[in-house]
Amino acid sequence: MPSIKQLKKDINNDIGAIIEDIYLWELSNPQADLSKSEKLIEEAIQGFDELIQKINAVSTTENLKKQFKGIQEAKKKIIHGLLTKSAKL
């Protein structure tokens with residue numbers, strides 16, 4: 001199980017990379033409808049906030065392994081959804 005600090009860094013790096021890719025797409029496609037990409041960026045930021053809130057809400061009295069496994073699954077789900085939507089741009 002990675003540390004909380006490392007988990008937060010991983011989430012930041014993964015979602016940050018997706019947002020960066022979206023910005024690059026916007027720069028390379030200035031004539032395209034940017035409302036979809038802006039919505040996707042907002043969704044990425046919301047997903048980031050959601051994951052960080054889950055990490056900060058971890059209770060040390062309960063089963064830590066189970067809690068972090070749930071956070072990892074949520075992270076995978078959010079990142080997969082963002083990558084799928086960004087590929088459709």
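General observations
- Looking only at region 39-89, and only at residues there that are more than 13 Å from K8 (Cα to Cα), among the charged types (D, E, K, R) and under 15 Å from the mean Cα position of the chain (by Cα), the one that is surrounded by the most Cβ atoms within 10 Å (Cβ to Cβ): K85
- Within region 57-68, residues that are of a type in the set (S, T, Y) reach partners that are surrounded by 10 or more Cβ atoms within 10 Å (Cβ to Cβ) with beta carbons closer than 8 Å, at six or more positions or on different chains, in the pairs S59/Q67.
- The condition (being free of Cβ contacts under 8 Å to residues at least 24 places away in the same chain and of a type in the set (D, E)) is satisfied by just one residue among D33, D21: D33.
Every read-out reported here was derived from the displayed coordinates using simple, explicitly stated rules and does not represent laboratory data. The structure presented is a predicted model; accordingly, all values stated were derived computationally and were not measured. Methodologically, a virtual Cβ is constructed for each residue, glycine included, from the backbone with ideal geometry; neighbour enumeration extends over all protein chains shown.
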